[in-house]
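To keep things clear, I will list the structure first and then write my remarks on it.
All of the numbers you see were taken from the coordinates with simple rules; none came from a lab. Every value quoted in this text rests on a predicted model; they were computed, and no experiment measured them. Quick reminder, even Gly has a Cβ in these numbers, built from the backbone with ideal geometry, and neighbours come from all protein chains shown.
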Amino acid sequence: MNIFYYNEEKLKYIIKRLNLSNREIAEKLEINRTLVANIQSYHQNRLRKCHLYAFCYAFNIPIEIFENSNINTKEKIDKILLKRDDIFFKDYELLNKLQGKWYLYSYPSNLGFADVWETETTIYDDFSVEDMHQNRGKLLIGRNQSIILKESHNSKNITSITFDNSRVTYGKFAFSRVSKSNLLNKELFNFGFFSREKLTLDRAKEILGDRSEIQLQIKEKFLERINRNIDMLF
């Protein structure tokens, strides 16, 4: 059994175990790639606590791996890594860009409601989300994409809103949403966009374009085909 005596050894193993590149680490920690290589070698004596805290924060690694000297083998480290949530992260840098008020524009499921939906939505510093209709949810940040999951205040149905992290820097960016239509209680897929500024509905409609290209409602025939092929499990 190999024993790790230095944090540099643990760091090097975790980087290899998670298949992380020096370039990726350098970008996340905002240091150069040479330093990333150096802090993995105890001979260089370049590793500092600030590097470990930054690394753990950026890649969702439990800091106890480095602070507990008894966690000193591959098996012990692997056991802790398996418990971590490696899909979603507490990315406060992205959260800071998202925090605050947004206006979400899309087409409604029923044209009788409105020509364009404008939903004022607020993202808070604890990753919670609430819109103008008191629908509440959570922001879950992934490596390349993030998702907002909201529960409807009245129906208790779940709505998912997915978007690319790389687009958040801009004042407007696209999202895809899966929800239940208000009247028929059927799944509805919509594209729409976030905007920091409140737009006129005519301007929002101009950006959205043709409704038939960005909205899809589940068809009754599809559900019927599924029902005809149901296997009773219980």
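Average projected area of the Cα convex hull of region 38-124, in nm²?
With every direction weighted equally, the projected area is 9.2 nm².
For region 7-83, the normalised intensity computed at q = 0.25 Å⁻¹ comes to -1.34 (log10 of I(q)/I(0), Debye sum over alpha carbons, equal scatterers, no solvent).
Here Lys74 is the anchor, and the aspartates and glutamates within straight C-alpha reach of less than 17 Å, apart from those fewer than 8 places off in the same chain, are Glu8, Glu9, Glu64. For region 7-83, a crude dipole built from +1 on the beta carbon of Lys and Arg and -1 on the beta carbon of Asp and Glu, taken about the Cα centre, is about 120 debye to the nearest 20. Of all aspartates and glutamates in the structure, those lying under 16 Å Cα to Cα from Lys28, and not within fewer than 8 positions of it along the same chain, are Asp86, Asp91, Glu93. Values [x] 58, 56, 28; [y] 47, 42, 33; [z] 70, 51, 29 are given for comparison; Cα extents along the principal axes in Å, derived from the coordinates here, is the one labelled [z]. Its Cα centre serving as origin, region 92-228 has a Cβ charge dipole (Lys and Arg +1, Asp and Glu -1) of approximately 400 debye. Using the structure shown, select from Lys90/Lys180; Lys101/Lys150; Lys186/Lys221 the pairs with a Cα to Cα distance greater than 21 angstrom. In this structure, Lys90/Lys180 lie more than 21 Å apart at Cα.
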